[in-house]
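First comes the structure, then the notes that go with it.
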Amino acid sequence: MNTPFTSSTSSTPPVLDVARIRADFPILQLTVAGKPLVYLDNAASSQMPLPVMDRLRRYQTSEHANIHRAVHYLSETATAAYEAARITLQRFINAREAREVIFTSGTTEGINLVVHGWGRQNIKAGDEIILTVLEHHSNIVPWQMLALEKGAVIRVVPMNDAGELLLDNYEALFNERTRLVSVGHVSNALGSINPVKKMIALAHAHGVPVLVDGAQAAPHLALDVQDLDCDFYAFSGHKLCGPTGIGVLYGRAALLEAMQPFKGGGDMIHTVTFEQTTYAPIPNKFEAGTPPIAAAIGLGAAVDYLCRIGMPVIAAHEHALLRYATEHLSALPGVRLLGTARDKAAVLSFVLAGIHPHDVGTLLNQEGVAVRTGHHCAQPLMRRLGVAATSRASFAFYNTLADVDALVAGIRSVQKVFA
Ligand SMILES: *Cc1c(COP(=O)(O)O)cnc(C)c1O
């Protein structure tokens, strides 16, 4: 069936109508340095479409009040919109229940919530936590802080030169002290799609729960936390065409119920005396204080927008961009692609022979092309690759083959400057 965003005939799969889509993203009409903006920094933050801005404006102009605490009209309207957003997010990840969806400020807070709420209760001296060499600092540093506090040990799954995790080595890491696996679904630096479903099954066979860092997967894949069978899943709104300051932590209800809250305050309690406090049921137990109400509602609108297009259609379009970009970048002399996993999201990390990635980014900016340069919050991975930094082009569904051509032309002109 056609959505307004796709065209197809009975014999071809739906194809994204990218021109239609781009009309929803006013920021893509900007010029930078006199050139049309080519935005290829989507792995850091994606852009927001008009329907999300319209929803935020409607909320602020006619629905805003604090939630959960009053019986007046606006408070009830805001509460209903906030809880409706939770149900939208529940459906988006196919969670069993809406109370398994905790609103956080982003992936970082979601992981920290598990570290403090689950880790401090369940991890003791000598216990082991399994991470992978591909992790973002957000999925390393909080565990290291916990390991330091408790005297626990971090074990790291290695990868091959293509950026694929080595599952035999992963399996060999398990022993009777293993307490948790925390793994990224998609690498932000290389684009590798990790075999998390297999990794989760293996961990469960050892009785070990798994947290998935889904910051890079949520915007690009159709998610199903029940099918993955993960115990926790964290992602951010701003990489999903939503606002900053909002994210989701999914947790299995039984685990969340057994966990200690990470933040104390209003709205997360049942009763309070100076002697003791009893906590509210989930999800409120983990949402102390006034939450980012507008941002949560905006994220709900962003997810509605993505679902109207269809995540499989988005994934197919981005895969076509990845293939085209990989083909053209690898054909350029002096370009080395890092990360050539068979299963990849539309992220291209590269270095140019003899040119510092920072100069690559600066000169590409003069061509209107926005890429990110640096260590991508993955210094251990950079060390494994033997580079200090890379340039990274990361694509979203509103990017086009012409954007890839602009990147290729931009790289050529950078190389000319240094020739
Ligand atoms: C961006 C990112 C994070 C951190 O997300 P925040 O929105 O900054 O909290 C964590 N992990 C991965 C893989 C990311 O790409």
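Brief remarks follow.
- Each stretch of four or more DSSP H residues adds -39500 (n - 2.57); spread over every residue of the chain, this sum gives -11000 deg cm²/dmol at 222 nm.
- Unit charges at the beta carbon, dipole of the chain: most positive-side option, His206, Val371, Met48: Val371
- Under 28 Å between alpha carbons - lysine pairs in the stretch 53-307 that sit 8 or more apart or on different chains: 12
- Normalised alpha carbon radius of gyration of the stretch 274-366 [divisor 2.2 N^0.38 Å]: 1.81
- FRET E, pair Arg177, Thr77, Förster distance 45 Å, beta-carbon r, rounded to 0.05: 0.35
- Counting only Cβ charges, +1 for Lys and Arg and -1 for Asp and Glu, the dipole size of the chain around its Cα centre is about 500 debye.
- With only Cα atoms counted, the chain has Rg and Dmax values of 22.1, 73 Å.
- Antiparallel %, DSSP beta bridges [both residues in the chain], to 5: 65
- One decimal place: the segment His137-Asn122 gains 3.2 nm when fully extended, by the rule 0.36 nm per residue minus the C-alpha distance.
- DSSP-loop GluC sites (Glu not before Pro) across the stretch 94-189, with at most 16 other Cβ within 10 angstrom: Glu97, Glu176
- With q set to 0.18, 0.24, 0.25 Å⁻¹, the log10 of I(q)/I(0) for the stretch 24-110, from the Debye formula over equal scatterers at the Cα positions, is -1.01, -1.22, -1.24.
- Loop trypsin sites (Lys or Arg not before Pro), the stretch 340-418 (other Cβ atoms within 10 Å of the site Cβ: 14 or fewer; DSSP): Arg342
- Theoretical FRET efficiency, 1/(1+(r/R0)^6), r = Cβ-Cβ of Phe418 and Ala33, R0 25 Å, to 0.05: 0.85
- Three-way shape label, the stretch 171-298, alpha-carbon gyration tensor, a/c 1.5: oblate
- The modelled label-to-label distance between Asn365 and Met53, using points 7 Å beyond Cα along the C-beta direction, is 2.3 nm.
- In the stretch 243-304, a dipole from Cβ-located charges (positive for Lys and Arg, negative for Asp and Glu) runs towards its positive end, and of Thr244, Gly289, Phe274 it is Thr244 whose Cα lies farthest in that direction.
- Qualifying trypsin sites (Lys or Arg not before Pro) in the stretch 59-127, DSSP loop, other Cβ atoms within 10 Å at most 12: Arg69, Arg96, Lys124
- Estimated FRET transfer efficiency when R0 is 51 angstrom, pair Ala409-Asp227 (beta carbons, to 0.05): 0.80
- Taking 0.36 nm per residue of sequence separation and removing the Cα-Cα distance, the His270/Ala70 pair yields an extension gain of 70.4 nm.
No value in this document is a laboratory result; all are computed from the given coordinates. No experiment lies behind these values; they were computed from the predicted model shown. Because the Cβ atoms are built from the backbone with ideal geometry, glycine has one as well, and the counts that use them run over all protein chains shown.
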